[in-house]
Every structure is written in C-alpha cells, then in structure tokens.
C-alpha cells in the first residue's frame, strides 16, 4: 500500500489554505509565473464546501480490447480500485478522462470506501454516477458532468500518478488542490507555503479595503489598489491588532 | 379523449421503481442488452424529486407556414394542448424538438392544467418558459434549457405518440420513465417488472456492501464486487430479516 | 461624475415591472415588434431574486498592447472602475466581452463599491471572479461563466455607454432590464410604461385562468386562450374587485 | 414499387431552377413568407455541381433492440434499401438522423444502386461512409460529416416519407431541393414555378447591375437597389434583347 | 468620400509582406510582445491566394427596430454600402458580427463594386452569401461560414472604423492584414516595417535551414535552431549572394 | 537512436493495406471486436493521398513552468525534435495534445527533416503551423485545425511512446495506421495481416457487387448483402480469374 503523502507538516498549511478564496490563490500564482492554474469548466456538485488536499492522478483512455488486457495486468482490480485503496487522508483523486462525459467514472459504493480511507475530494474532467446519492455524502466532488452508465463501457484506466490534464490545467501527482464554490486551483508543492502566506496577507488587506469601500466615502480608484493614504490607514488597522 | 395507459397494475410497479436510483436501473438495462437508455444532458429543474410514469411523446419541427397548416388540421388547438388534454394520471410528456433551445416549449398556465390531469412529469430536449414559476409547482420537469420566448416562433408540433429521440435515447409511447436528480432513464415496458425486481435486489445488496465498507476493515476489492466471504455475510444479513 | 439616469419617475415603473415574470414581458415585446429581447444563456448566480434597472453598457476586447495604451488614455483607472464610480442607484452593468469566459470580469472588492453606489445588478456575457463571495452579497448577477483569473490577462475595456451585444440581444445604454430566475429581458425605454401596464393586465388574467384550470372542470382549449364564456367569467371576476 | 413523383412537367421547372443561385431562391422564398429554407451546416462533398430534385425523406433514431424489431417489420431490408429501391429519376434522399455523426449513413455500394435508379442527390444531417469513393461518383451529396463506421451501430431507420428536420429546416416529402456549392435550399412544391420565374428575373437583373457596377462609374447606392435612372437603363437593356 | 489610407509608401511594404508566410509574421509579432495576432477559425474560401492591405472595420449587432432607426440615421444606405463606397485600393473589410453565422453578410453584387474600388479582401467572423460566385471572383475572402439568407434578417451595421474583435483578435482601423491559405494575421501599423524586414530575414534563413536538412546529413537539433557551425555555413551562404 | 519498427516483412502488409478503403478496414475491425478504431474529426490537409505506417505516439500537456523543467530533462531538445530524429521509414507521428487548437504543433522546417527520415505521415488532434507550405510537401498530414502561433505558448511535450488518445481512439505505439481522404483508422498490430487479407477479399467482392448493381437489373436487396444467386455469380466471376 502506498505511503501517505500528506505529512503532519501539511496540517498547518492546509488549514491556512482552507481559509482562502481560490481567486486569491490564482492571483498569487499568476504573480509567481503560473498564470494557468484554474481548472475551468468543472464545478462542484454541492456548494458551501471547501476542499484541500494532494492530487492522486488517474488517466483513462477510450476502451479497446487489447488495451484493457494491458490494464488488467497493471491494475488487476482496476485503476479506480487501486487508487482508492492507495489513498490516505488528504488525497484527492484527479481524473483525466479526455473530457469524456458519456459514462460515469465513479459511484456511491466506491466513494464510501474512499471516504473511509480519508479521501479529501474528487476532481473529474468527465462524468460521475450516482449523483443523487453522492451529493449527500459530504465529500467535495468537482465534475464536468453526470451520467448513469458505468465508465467501463467507454473508458479504461491506464495511467496512474503521472502528469495529467484536467480542465485545461496540467496536474502533477502531489500537487496541492484548493477548491471552493467557484472551482479548483492547482498549487505546485514547492510554492504552497509561499502562496498560503501571501494569500492570508492579501485577503486580510482586501477585507480591510472592502470595509473602507462599504463606508461609502472613498471612490474605488483610491482604494483598489489602495493609494498612500489608504495604505497608511491599513497600517494603522493592523497595528490595532486586526 | 385518450384512454389511460397507466393501469391499476402499474401502481405497485411504480412504487418499486420510485425506490430505485436511476444508475441501478441503467446498469440492469445494460445487462439486458439496452446500454443506451440514459437521457443525457437534460437535468431536472428542481432537486430532491423522483419522477415515474409513462411516456406520451411529442415531436416538434422548425416552423414553416405550410407545415403549420398541416398541423392545424391534425391538432386544431395545437399539439401541446392536445397532449395535455389527453393525459391521464401517470403520464409524462416527452418532447423531441430537435434540441432547439431558442424558444420555450411550455409555460405555467398549461402546466397547471397538466397537473390537474394527473401528469407525472415533463422531459424536454429543448427549453421551457416560466422557469421562475414552474420550479415552484411541484411537477418534476427535466429540460435542456430555458427561454422566455414562446415556442411558436420557432417550432410547430407535428408528431404525436410516435417514436422520438430525446437526449440521445429513442423513446417509444408508453415507455416507463424513471427520473431523479441525475436525470431520466427509459425503461421498455416489457422489461419493467424484471428491472424493478432486480433493481431492488441490487440496491439491497449495495446498501449492505456500503455498510461493510463503512466499517473500514475490508478493502474495496473484497467488497465490490463481493468475494465469497462477503457474499456469505450478505446471506446471513438477509437471513436476519434485513 | 455621470448624472443619474434612473429618475424619480422610474420608481413606480420599476415597482410595476418587478412584479412581472420575464416571460410575460418577452411576450408583450414580441407583440410590439421586438421578438428578440431575451438574453439567452446567461443565468443568475442566485435564485429567488428580481432585478430591475437601467443598462450601463461596457465593451471589452481581447488584450493587445497598443489597444491597452489607448484604453489607458480614455479610462485612466480602467473601464470597470469608471463605470462603477459613475453608477447611480438603479444602474445595471451590462458587459459585452465577446463571450470570453477565460478570465473573470469582476470580483468582490469592486462589487462592494458598486453596491454602495446603488448598483442594481450585473449582466455579463463572460465570466465573473469570486463567485463564492458574490453569491452571498445580495446583488443580482447574471453571468455566462466563472473564472478565477483576472480579466486583464485576456480583455481590455475599450467601449463605454455604446450599443453592445449580450446573450444575443442588442442592448442600448439606458435600456430597462428585468431579471428573474429565468434570465434577463431587455425593454426599450420608450416602451417601458406600455410593457408594464400590459404586463400587469396579462398576469392578472393568467392568474385567473390558472385558477379556472385548477378547478379542473374546463379543458385547456376553453381557457388558454379563453373562449367567450371564460372571458365573461373573467369580467365578472374583475368586477368583484380582484 | 413507388410511383415516380418527378413528372414530365418537372423537366422545364428543374431546368430553370438549375440555372439559379440558391441565394436568389432563398431571398425570393423569404419574400413569400418562408424565411428559413436554407439547410445550414451541411456542405457538399464536391464543388462545382448543381443539384435539383424532389425530397424523399428518411428518419433515423438511436438504436434500441425493441425499436429495431419494429423497424424490421416495417422495412424488412432496412429503410435505406427501401428508399433507394423506391427512388425514381430526380429523387433526393433527405436524411434526418438527429445530427448524429458517429457513424456513416451510406456507402458506395448502395449509392451505386441509387445512381442506377436515377437518384439526383443526397442530403444528410449526419455522416456518410466511403467519402474517398463517393466524391468521385458524380452524385451531388451534402453531409454534415464523414465516419468510417456503419450506421447500424448507432442508428435505425424508422420513419419514411414524413416531415423531417435537416440542417434546421423542415423538409416535407416531395419538396423541391436546389443545391450548389453553398448548400441546399428547400422549395415548397406549390411555390416552385413562382420561385423559378422570379429567380430568373432577379438574376437577369443582377447580372445587369453587376455590369453597371463593373463599369466603375456609379456608386453602389445608385445601383443596388437600382435608382430610377438605372432602372431605365435596365429596361433599355432588356429591350435590346438581353 | 474617405481619403485613401494606403499611401504610395505602402507599396514596397506590401510587396515585402506578400512574400511572407503568416506563421513567420506571427512568430515575429510574438517576439515583439504581440502574441495573439492570428485570426483563428476564419479560413479563406479559396486557396493559393495572398491578401495584404489595411483594415476598414465594421461592427454589426443583432437587429432591433429602434437600433435600426439609429443605424439609418448614421448610414442612410446601410453600413456595408458606406464602407464599400469609402474603400480605396488596398482596403480590407473586417467584419465583427459577434460570430453570427445565421445570415450572409455580403453577396456578389456588392463585392463587384468593392473590387472596382480596389478592395484587397474581406475578413468576416460571420457568414457570406453567394459563395458559389464569390469563390470565382478573385478577391481574397476569409469567413467563418456561409449562409444563403440576407444579413438584414439578423444583423444591423452600427459601428464603423472602431476597434473590433474578429476571430479572437482585436483589430484597429488601419491595421495591416496579411492572409494566406492558413488564415490572417493582424500587424499593428507602427510595427509593419520592422515585421517585414525581420520576416524576410527569417524566411531567408529558414529556406537555407531546410536545404541543410534536406541534404539529410544533420539532425534537427543542430539545425533548428542552428548551432554555431550551421550559422557559419549560413553566413557563407549569404556571402555567396543568396 | 531508436531502432526501426517497420520491418522488411511490413512491406507486403503495407502494400496490401494501401489498396484498401478505410471503411472496409473499419468494418472488419468491428467484426473482430474493435468497433471504435476510426479517428473522428481529424481530416487530411490534402486529398487523393494514402497513408500507411506505424504509430509513434507523443503526448503534450498545457504549459506550466515546473512541468517544462521536467520535460527539458527528459527531452533536452524538445519532444518533437526527439520523435522526428528517432523516426525511421514508415513512422507516423500521432499527437495527443488534449485537442488544443490554440497553437500549431509543427511547421515546415521540422517536417522537412521528418521527410528525410522517411516519415510516413502525421496525425494531430490539435493544430499545425505553416499549412500553406505543408500542403505542398507531399506528406500525408491529418489535423484538427491550423494555427499560426508556435505550440510552445500553450503546450509542452511530456509523454513519448505511450498509449494516447487521438480523435476518440486509443492509439498504442506501433499500431498500424491507414489513412485516406476520409480520415485514419487504427489497426492493432496483431490483427493487421488478418485485416489486410479480409479487406482485399471484401473489396474484391464489393467491386463485383457494384458491377452487378451498375448493370441495373437487380435490386439492392438481392445484391447487398448478396443472395445465393449473386453469390454463385461471384464464384463464377472469381473462377474467371478476376
């Protein structure tokens, strides 16, 4: 069985990140030279949930008998089973199905095992099954579509823990994913601490700026970005312990 | 006026089916040689509702003056009026508009009559009107889109109770439709009892398997599909009256 | 700063319109020779809200360095800032981005200023940012998509208060917009009073017709459209003070 | 075997029509109250050919075992065979497949029989097979796509000589179709003579107007539409026997 | 009448550019900070033609009666007529129709006048009419689609010589456009000379590199980009007068 | 450098296959349990060419700085260079770019090297550059689109000689590809001889059947599929040495 990749040290990082809006993170990543980290067109199936964890990547290809033979040798119980069983707390399944929504990748039975394993979420560029049940199971799931048919009629799992594409973003195994109502942003591991710290600072400042704006006295161009006067007010605000 | 097609004998069948998830039904139909019975891309307008009933099919074509003349002869009050008035408890309108979402097929006034007639639901591969009202009327409605304009500006009803296509599935008049949050699955009449019984058995077993998984002891490949040991546990579980 | 365009006289008009369903308004506009006033494919981000106000139009084009230079001369703080700051109570931002959903047009900080200015809503044929926050801010927002990246990476604001296209409809500055769960309909100013009055009459009558239908005695073709007998009942109903 | 629908009297009509550009015909039909007669998105597979003839309509639905049984009873050799064998000189097969391009409707063997029968063309809203061969067989074919797989894996022929939709246009059996490099326009039978005569007049005049323009002296607004002076010149031109 | 914008000095520039492949130009523009100058998804209607000239921009919006009134005041004979009549040798019409392909923007009669005026080409993000004729008229035309219906049924010309979007690129009036079989690239005026000179140098070198490769001795990584040895050979090649 | 995979023994196989239409091959593969081997939506850039050879697969993902670093370690000169340089006579590059058409995968300089190496063709599910030149170079190229910008602005080559997806088909390294005007079909190596032999037999028989049909005496249902009488005629035809 795979060793956990979410280490004790991740706890604090994940806690920081889970307080951030994905737009803040996206903006910071752009500033760090990573402008294309938002997974587009793959919304959550339920609102008002945050997702944070590490990517465990899976690649599915269109079925073809000889390819299925190859897959059976590599993953005797199937790739999905393998990935679910390998999972540790904080793992997020990231599915690259080539965008195929003509069958459903995963259903409630397997997901119940994934939850037991501590899985933190699923991001699927295809479709899921059992949407009626999954949306009540408490696991953050992002998917391009839903479909009642089993995935085996269209797809075969053939690649595991390799770079994949999902919603137009390259995802590497171990990447940190942050999700909210708007979708998912992909954070390269080596940038995660930096992103978390800058993100908290940005959101702290934006909270202040919104308060300034809501007082209704200052026009937008004085506040966003803040001019010197507003910056001073912000310094004062921080000194007061906010 | 048309005679009812939902017979007293249907009551029990419909009750059984309404307890099933459409994915279960889809899987059973695939096993019976019907792999393409899920109506894709046509979600419900409200969640947490089940729909079960029999298809009453309607076909609409792009407007054209001489075709409208023909339609007027066949359906003096229009096809939608005709179908609504023919409806009996348990009927579901299935609309094949060629996927046209540039006008809305039906609005709240006509739907209020359909509800009085006992209509069980609507499945439309085009758009509906009055979405703001319809979503509060308690009728299960599945639709590809919404549009504020009346359908007469684009479409004319010309075919009734004939085979149609809806969401990529051929639907025959009298087919049994089951809908939940995930969409709609089309059950051929002659398979319905078999599907209902197998479906109940499948879901009973899957409920048990999920309980096994949730105990967290067994890995997924022992449980789904169940190995001999788990099957024995399941037999014991059934003997205990579950 | 721009002068307000929503005049005191608008209050009554807006109150009338806000009682109407957009389908009613769409039907009346079609009768007046304006068949294409429904903004298609741009749903609200939150349900159960009404939006009514006047269009303030903005046009964005794909970024290009020399075009950005031109834009900076015209709108030193950017077009979005300019429009938000110009806004008066009852203004609705209407964004023509050429349908680009690869970046988010506006986020929560600027929207908080727009709310302070009395903004009545936003209609965007592209994407918005900060969806997780915006959907809790109480402002009606209609958008084609969401995206975490800032709009500046794709778009530059270059046209203001000019005719634009949004969701397939031409929108003129000052047009009156009415939005509900189904979307937005665009009302030319010179027709607004007429539309409001006819709309109230139509909905009053349709409410009555639905009551007739819900009694379950009359078939749909006697009621919708109403035959003479039903019309007489309606006259009586009105005489009774309904 | 079906009786021919292209009558001797059609010869002259077809000759006239084959001299026209489909845009001319489209414009005249719009003037006669038929604004939507152009089959959109279905180009020819070879250029520099004219097609004129009468529609023989076919409808295909997604495969489904019990529907295939029904089809076998109605068309023991299959619908395509039936239609090809019924065909007479001047017939055009018009295929409504619901826009399915995942399999090829017809191949070179059947087409060779259709040519022997005198078939005048094929218009298909799905895909054809054997494109490499068909494009050299001399028959005008308009199709949305090509696909190497046989249609039986996706579609079953179930409707014949009924109103169908093709490229967004309702086509009735017996309609006259005119095709050129730009696509196909559908002419209702009862308007065909009128359309042919007006079309010849329109093109005669436009030829003259182009000659006027090509002289380079008159600006476009004097010529198109022609002012009184140009109209006089045109009368003179006609008097000279052009 | 508008004054010509293609000046005598342009002749040499245009001659240079017409010798270049658009990919070369696209690469050079990317190096100059303009990475998005290729008009995507708008191919030529005929192959083996080069187009070079200056943009004359037109913007069309969806029809709406009151907007049509405004348009009539601004352009009494219509925007297309106005633009054609204003044209001088070397002008290229660039049409922003919001991507509408449901009607044809221009037909053979108007184009014949445009050719007389010296028009150098048309780039249309919608559809054209009279494709059967236009493809034989010798004018380079790039279009997203074809449609037989007149544009007036969908669109009204409302903006002239303003920044527009076409195929995802912002086009300014006076921009230089270069087109070949692959499509069109948009060159800002102030960069044109630089682009032409660098382009000639690039293609001269690439011709040499292809010759080196075609000798079959050197592997690709020595040649493209060239290593020092190959660069020396190239210097020698140039010294020999190539 | 990679060893050649097209062996001397392939010469005869390739010769046989190159005489076949891809539809014939597709039908035979379906009969052998491989129904989905046609690469859909990826047409050739030039007509009247046959392509036959073995797949050399490449996978590209969206650019991302740290992924580009990884790629540089694996393929110091880039994946495209590597694959071209590895190529032997009969190799076909099969590109899986996730369907990205926003940049051009390959241009004329690299292709000239690929031709020198004996490359037999290219199949690309994205876009190519230098279409104007490539279409005159004599190499069969199948591509979803064209784009003037270099691929590096969107994609990075990260996977080589692994299973990929192209046009909805799984392609394995070494698969045999056959292409004609209609597109490309993927033949698993272990089936190739069988496919070639059956294909020749099928086409031989279909040629005969077309001759029978072209005589005009027999209806289609006697000939396709052939009844006993026609089968006898065919046996006779073969005995005569055809």
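The values are calculated or read from the model by the stated rules, or taken from the named source; none is laboratory data. Bear in mind that the values here come from a model prediction, so they are computed numbers and not experimental data. Note that each Cβ is placed from the backbone with ideal geometry, even for glycine, and that neighbours are counted across all protein chains shown.
I need the full set of residues from the stretch C:202-242 which are outside any helix (DSSP H, G or I) and at the interface with chain B (Cβ under 8 Å from one of its Cβ atoms), in order please.
Hits for the stretch C:202-242 are C:216, C:219, C:224.
Scan the stretch F:37-53 for residues that are under 17 Å from residue F:167 (Cα atoms) and part of a strand (DSSP E or B) and jot them down.
F:38, F:39, F:44, F:51
The rows are residues; the columns are (1) in contact with a helix residue (DSSP H, G or I) (Cβ under 7 Å, 6 or more places away or on another chain); (2) surrounded by fewer than 21 Cβ atoms within 10 Å (Cβ to Cβ); (3) under 30 Å from residue A:36 (Cα atoms).
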| residue | (1), (2), (3) |
| --- | --- |
| F:118 | no, yes, no |
| F:143 | no, no, yes |
| F:178 | yes, no, no |
| F:214 | yes, yes, no |
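Filter the stretch B:177-190 for residues that are part of a strand (DSSP E or B) and more than 7 Å from chain A (Cβ to nearest Cβ) and give the result.
Selection gives B:177, B:178, B:179, B:184, B:186, B:187.
Of the residues in the stretch D:81-107, how many are touching a helix residue (DSSP H, G or I) at 6+ places or on another chain (Cβ under 7 Å) and surrounded by fewer than 22 Cβ atoms within 10 Å (Cβ to Cβ)?
Number of matching residues: 3.
Quick one: which helices (runs of 4 or more DSSP H) lie wholly within the stretch D:56-169 and hold at least 3 residues that are at the interface with another protein chain (Cβ under 7 Å from one of its Cβ atoms) and under 25 Å from residue B:59 (Cα atoms)? If you could, list the steps in order and put the result at the bottom.
Values: elements: D:65-74, D:79-86, D:108-116, D:131-134.
Counting at least 3 such residues, we get D:65-74.
For the condition more than 21 Å from the chain's Cα centre (by Cα), without any contact (Cβ under 8 Å) to a residue 40 or more places away in the chain and either within 14 Å of residue B:54 (Cα to Cα) or buried (at least 19 other Cβ atoms within 10 Å of the Cβ) (or both), what is the one hit in B:220, B:122?
The unique qualifying residue is B:220.
Being surrounded by fewer than 16 Cβ atoms within 10 Å (Cβ to Cβ) and either more than 23 Å from residue E:96 (Cβ to Cβ) or assigned by TED's automatic domain parsing to the domain that holds residue E:131 (or both) is the filter here, so list the residues in the stretch E:2-31 that pass it.
Those that are surrounded by fewer than 16 Cβ atoms within 10 Å (Cβ to Cβ) and either more than 23 Å from residue E:96 (Cβ to Cβ) or assigned by TED's automatic domain parsing to the domain that holds residue E:131 (or both): E:3, E:7, E:8, E:9, E:11, E:12, E:15, E:18, E:19, E:31.
Checking residue F:198 against (1) over 24 Å from residue F:89 (Cβ atoms); (2) more than 14 Å from chain E (Cβ to nearest Cβ); (3) buried (at least 24 other Cβ atoms within 10 Å of the Cβ), which test does it fail?
(3)
Residue E:174 versus (1) in contact with a helix residue (DSSP H, G or I) (Cβ under 8 Å, 6 or more places away or on another chain); (2) within 14 Å of chain D (Cβ to nearest Cβ); (3) touching a residue at least 24 places away in the same chain (Cβ under 8 Å): which is the lone unmet condition?
(2)
What number of residues within the stretch B:46-55 satisfy the criterion of being out of contact with any helix residue (DSSP H, G or I) (no Cβ under 6 Å at 6 or more places or on another chain) and either surrounded by fewer than 19 Cβ atoms within 10 Å (Cβ to Cβ) or within 14 Å of chain A (Cβ to nearest Cβ) (or both)?
The qualifying residues number 5.
Only one of E:150, E:165 is crowded, with 16+ Cβ neighbours inside 10 Å, assigned by TED's automatic domain parsing to the domain that holds residue E:56 and in contact with a helix residue (DSSP H, G or I) (Cβ under 7 Å, 6 or more places away or on another chain). Can you tell me which?
E:150
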